[in-house]
Amino acid sequence: MMAENVSLETIANEVGTPAYVYSAATLTRHYQVFEAAISKMDALIAYSVKANSNLAVLALLAKLGSGADVVSGGELKRALLVGIPANKIVFSGVGKTVDEMRDALTADILQFNVESLPELHALNACAKELSMTARIAFRINPDVSAGGHEKITTGKAENKFGINIDQAEAAYAEAANLDHIEITGIDMHIGSQIDTLAPFKTALLKGIELIKTLRAQGHNIRTFDFGGGLGIPYSENENTPPLPELYGEMISKATQGLDVKMIFEPGRMIAGNAGILLTKTIYVKKGSVRNFIILDAAMNDLIRPALYDAHHNIEPVKFSNNGAPTQIYDIVGPVCETGDTFAKQRELPEIEAGDLITIHSAGAYGAVQAGQYNTRPLIPEVLVSGDKYEIIRARPTVEDILKTEHIPDWV
Ligand SMILES: *Cc1c(COP(=O)(O)O)cnc(C)c1O
């Protein structure tokens, strides 16, 4: 198996395993497919940095013209560092601190997506202190069910995100009275890995109605940030998410004549299927009821299966299609948790210790969610382009981890 024109075996030998491997060509293609899908609208793509925030990935997307949706001061710093213009950056998140607001105001970002009234007042005070005005959209929670898993649905009334749609008019009225706040639009992000158009359409129509109501009340609504959330195929056996083209067409038709600038915050759709997790088999263990493939990657490197019961396709790097014998395996990592299981009861060609294995669709919400549980250092990220590749995040050593810790004299 290759990543573009580079053999994964070469990367495993030279970089070591486990490692994330991303394809520059696929990242580019996904960005351009999304760009084409929304090309009929006046629209900004603000790539959701949290999906994959590596500086090289951000720099590549910046070069293609992408803006950024950031959810922390750290992500803001990343976006600015790679040269994403401030007027293409929006700031989302339920718990922005005053320090983060100050940084974003100073950078003069396009828009704050404000998620509560206390946040609104904190932002107004912060802008006043800097003698500035903060451009805002309220994140509206339209009370729509969406997202493949309860942990990634965000648009229901009981979720922590945004302002309930029935409280929106009051919130805008309150914002209009603040001297250092300028209302520019509305914002909605209803969930992630959404695999049908229906919830998007329901939310969109509610958003359009709200824009009309707010305008009738005298608010100058110019932007409609519709968030991210478009799903990607993780497996042949699951629902196939709508093509970006159909998503774009639906939104373009519904917003025709509305005279708003659309903002989109795709994350997974761009990065998810542009990356794999490359890992090596440490042992194959034949139990009395199950066979286990024990990998050198674990839940601390890719937490999606443990956290969201997510399915990832898994394949050996080397296999032949001509009737090689297969086995049913549970595929697990070395971490001391039963939850450290990538897949159960998968049919694979017979695997031996030392065999390289790829875990697919790992480009989004993979490296960014990694941790160092069991004192396992973060794993490197590699970017491939054509027949070249580079390490875009180095593997720290155990010594690097231990250096940050300190034993008090009195212990
Ligand atoms: C996570 C997130 C996104 C991106 O979601 P995807 O499903 O990766 O497209 C966009 N906007 C906000 C506010 C988010 O929290």
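At a 10 angstrom cut-off on C-beta neighbours, averaged per residue, how do the peptides 63-69, 400-406 rank from highest to lowest?
63-69, 400-406
Show me, for the range 231-246, the HN-Hα J-couplings you get by feeding each phi into the Karplus relation (A = 6.51, B = -1.76, C = 1.60, θ = phi - 60°), rounded to Hz, glycine and proline as x.
Karplus values, whole Hz, x for Gly and Pro: x, 10, x, 9, 7, 5, 8, 9, 3, 8, x, x, 5, x, 4, 6.
For the range 160-244, state what percent of all Cα-Cα pairs lands in each successive 5 Å bin, counting from 0 Å until the bin that includes the largest distance.
In whole percents, the pair-distance histogram is 3, 12, 21, 21, 14, 11, 8, 5, 3, 1, 0.
What is the dipole size for the range 92-264, taken about its Cα centre, with +1 at each Lys and Arg Cβ and -1 at each Asp and Glu Cβ, in debye to the nearest 20?
With Lys and Arg at +1 and Asp and Glu at -1, about 320 debye.
Summarise the accessible area of the range 92-264 (1.4 Å probe, protein heavy atoms) by the percent that is carbon and sulfur.
49
Can you tell me, using C-alpha contacts under 8 Å and at least 6 residues apart, the relative contact order of the chain as a whole percent?
Averaging sequence separation for qualifying contacts and normalising by length gives 20 percent for the chain.
Once you have the Cα-Cα distance between Asp400 and Ala125, take 0.36 nm times their residue separation minus that, and quote the gain in nm to one decimal.
Here the segment from Asp400 to Ala125 would lengthen by 95.0 nm.
Determine, for each peptide in 40-49, 346-355, the mean count of other beta carbons within 10 angstrom over its residues, then list the peptides with the highest first.
40-49, 346-355
Out of the total accessible area of the range 273-403 (probe 1.4 Å, heavy atoms of protein only), what percent is carbon and sulfur?
Using a 1.4 Å probe with all protein chains present, the range 273-403 comes out at 51 percent carbon and sulfur.
If you plug each phi of the range 124-136 into the Karplus form 6.51 cos²θ - 1.76 cosθ + 1.60 with θ = phi - 60°, what whole-Hz ³J(HN,Hα) values come out, in order, with x for Gly and Pro?
For the range 124-136, the Karplus curve yields 4, 5, 5, 5, 4, 4, 8, 6, 10, 10, 9, 7, 10 Hz.
Which aspartates and glutamates have a Cα less than 14 Å from the Cα of Lys63, not counting those fewer than 8 places away in the same chain?
Cross-link targets: Glu35.
Please arrange Glu35, Glu4 by accessible surface area, largest first, computed with a 1.4 Å probe and ligands excluded.
From most exposed to least exposed: Glu35, Glu4.
Please list, in order along the range 303-319, the HN-Hα scalar couplings obtained from phi with the Karplus expression 6.51 cos²θ - 1.76 cosθ + 1.60 (θ = phi - 60°), rounded to whole Hz, x for Gly and Pro.
9, 4, x, 6, 7, 10, 6, 6, 8, 10, 5, 10, 9, x, 5, 10, 7
The values are calculated or read from the model by the stated rules, or taken from the named source; none is laboratory data. From a predicted model like this one, the values you see are computed outputs, not experimental measurements. Using ideal geometry, Cβ is built from the backbone for each residue, glycine included, and neighbour counts are taken over all protein chains shown. The area values use the complete protein model at the heavy-atom level, side chains included, leaving out ligands, DNA and RNA. Shrake-Rupley method; radii C 1.70, N 1.55, O 1.52, S 1.80 Å.
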